[in-house]
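Q: First the structure, then my questions, so here it is.
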Amino acid sequence: MDPTSLANPTVLSKTAHIQSMLALHDAVENDERPILVHVTAHREGDEPRDFGTVAVGEREVRVTAELDSSETEMALAGMILSMYGDVLVLTAASALATHIDCGSNDDTRPHTGTFA
């Protein structure tokens with residue numbers, strides 16, 4: 001992993017937002033253990049290959065990677081993960097808004113599920 005990538009202003013900004021969200025999540029869940037995200041990628045029919053792990057703790061965001069892939073594969077995986085991240089954030093925001101709206105109307109609905 002190129003260390004200058006981690007010092008990129010966009011990456012640093014996202015890291016700060018992630019740590020802010022982690023503090024909120026920890027408070028809601030009453031759990032301060034680090035969050036680990038494991039990333040794998042592969043072509044259909046091939047065995048998954050490890051792209052790395054992101055560990056997010058209260059004071060640190062650590063990225064470890066053993067990239068055995070081409071530059072274009074790394075770029076494509078990054079683009080896909082970025083898109084999926086946007087989907088997760090938008091889905092969570094929508095679910096939270098629904099949860100808050102239901103709470104103000106004394107309605108209870110589950111806030112977990114499968115989205116397709």
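The values are calculated or read from the model by the stated rules, or taken from the named source; none is laboratory data. Computed from a predicted model, the values in this text were never measured in an experiment. Only protein heavy atoms, including side chains, enter the accessible area calculation; ligands, DNA and RNA are left aside. Shrake-Rupley method; radii C 1.70, N 1.55, O 1.52, S 1.80 Å.
Q: In square angstrom, what is the accessible area per residue of the stretch 1-95 with a 1.4 angstrom probe? Let's see the in-between values first.
A: Numbers: 7530 Å² over 95 residues.
Ligands and nucleic acids excluded, the figure is 79 Å² per residue.
Q: Would you compute, from DSSP H runs of 4+ residues alone, the mean residue ellipticity of the chain at 222 nm, taking -39500 (n - 2.57) per run and dividing by the full residue count, rounded to the nearest 500? It would help to have the intermediate numbers written out before the result.
A: Details: 3 runs with 59 residues, N = 116.
Calculated at 222 nm, the ellipticity per residue is -17500 deg cm²/dmol.
Q: Largest first and in whole Å, what are the equivalent-ellipsoid semi-axes of the chain based on the Cα gyration tensor, each being the root of 5 times an eigenvalue?
A: 30, 19, 13
Q: In whole percent, how big is the carbon plus sulfur part of the accessible area of the chain, probe 1.4 Å, protein atoms only?
A: Looking at the chain in its full context, I get 58 percent from C and S.
Q: Residue-wise, which Karplus ³J(HN,Hα) couplings in Hz belong to the stretch 63-78, taking 6.51 cos²θ - 1.76 cosθ + 1.60, θ = phi - 60°, and x for glycine or proline?
A: Karplus values, whole Hz, x for Gly and Pro: 10, 10, 8, 10, 7, 10, 8, 7, 4, 5, 5, 4, 5, 5, 4, x.
Q: Can you list the residues, at least 5 places off or on another chain, whose amide H is less than 5 Å from the amide H of Gly52, using H built in the peptide plane?
A: Under 5 Å from the amide H of Gly52: Val39, Glu66.
Q: Compute a Gaussian network model of the chain, connecting alpha carbons closer than 10 Å, and tell me which residue from Gly78, Gly45, Gly57 fluctuates the most.
A: Maximum among the listed residues: Gly45.
Q: Multiplying the sequence separation of Ala16 and Arg59 by 0.36 nm and subtracting their Cα-Cα distance, what value in nm do you get? Show your work: numbers first, answer last.
A: On the way: separation 43, 0.36 × 43 = 15.48 nm, distance 1.02 nm.
Full extension of this stretch gives 14.5 nm more.
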